[in-house]
1. Counting residues that are under 24 Å from E161 (Cα atoms), open to solvent by less than 20 Å² (accessible area, probe 1.4 Å) and within 16 Å of the ligand (Cβ to nearest atom), which helices (runs of 4 or more DSSP H) fully inside segment 8-89 reach at least 1?
2. Mind checking which residues of segment 116-150 are of a type in the set (S, T, Y) and either part of a helix (DSSP H, G or I) or at pLDDT below 95 (or both)?
3. Against the conditions (1) touching a residue at least 24 places away in the same chain (Cβ under 8 Å); (2) within 17 Å of the chain's Cα centre (by Cα), where does Y183 fall short? Just the number, please.
4. Please go through segment 117-135 and give me each residue that is under 24 Å from D182 (Cβ atoms) and over 13 Å from the mean Cα position of the chain (by Cα), ordered by number.
5. Taking the options G125, G134, name whichever one is within 12 Å of the ligand (Cβ to nearest atom), farther than 24 Å from W52 by Cβ and open to solvent by less than 10 Å² (accessible area, probe 1.4 Å).
Amino acid sequence: MKKIIITIDGYSSCGKSTLAKALAAQLNYVFIDSGAMYRAITLYFLRNHVDWNKPKEVVKALGNITLEFIYSQETDISEIHLNDENVEWLIRDMVVAENVSGVASVKEVREFAVAQQQKMGDTKGIVMDGRDIGTTVFPNAELKIFLTADPAVRVERRFKELIQKNPHITIEEIKSNLETRDYIDSHREFSPLRKAHDAVVLDNSNLTMKEQLKIALKLVKERLEVEEEIA
Ligand code: CDP
């Protein structure tokens, strides 16, 4: 059967990665969390005191970064490795979340990440989630989903996720981080977060995982039928 490219974009904590992962598992596609790449680059910059406001420093640092997604049987996802170190867990840290949107606004950083993301789509059969996947990375993707959810629902979801790792985290801290990131992500100069004109909007505020997966699979089926007709 023909394989397609599926993009899932949207604001922070809408459940993009959860839906993308479930969709990829159902279809036997590869799931790529593009946000993990920006988070890993941010971790490297923080550890190595790279000033991301200085383009020369950024270019030099990017030359020393290798990012790789390696499948883990334990978690059943492709986990991100930064220069051969598995950082999948470390990149979820609040200090990374506080700086990632600044790093992701830098032109050189975006070019570095987008080039690698586009390569991953060469063989199709991929579900990638992020902010600019349907607009910049794969503007010709066969299926584009723009996921949304009520802001309060998003804060609650992220709180439940992060409290397990950090018992001191507060709702206020998370709310402020999501609001700040969403603002920077949608107002930056290069590849801002916005809905692609041909994306399908899916609001999952009141949907269970099963319900949203069903809707997404129906959309995939429709797109695959179109592809078969064209072939
Ligand atoms: O999980 P959550 O939605 O909170 O964020 P993420 O997907 O891990 O992305 C972290 C950050 O990376 C975002 O807030 C953006 O600043 C940046 N990002 C981006 O600029 N472009 C993408 N395609 C994906 C993420």
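1. Values: elements: 16-27, 34-47, 55-62.
Where helices (runs of 4 or more DSSP H) fall fully within segment 8-89 and carry at least 1 residues being under 24 Å from E161 (Cα atoms), open to solvent by less than 20 Å² (accessible area, probe 1.4 Å) and within 16 Å of the ligand (Cβ to nearest atom), they are 16-27, 34-47.
2. Pass one, segment 116-150, residues of a type in the set (S, T, Y): 123, 135-136, 148.
The answer is T123, T135, T136.
3. Condition (1) is where Y183 drops out.
4. Filtering segment 117-135 down to residues under 24 Å from D182 (Cβ atoms) leaves 117, 127-135.
If the condition is that a residue be under 24 Å from D182 (Cβ atoms) and over 13 Å from the mean Cα position of the chain (by Cα), then T135 is the only one that fits.
5. Residue meeting the stated conditions: G134.
The values are calculated or read from the model by the stated rules, or taken from the named source; none is laboratory data. If you're wondering where the values come from, they're calculated on a predicted model, not measured in any experiment. We place every Cβ from the backbone using ideal geometry, glycine too, and count neighbours over all the protein chains shown. These accessible areas exclude ligands, DNA and RNA; they are computed on the full protein's heavy atoms, side chains included. Shrake-Rupley method; radii C 1.70, N 1.55, O 1.52, S 1.80 Å.
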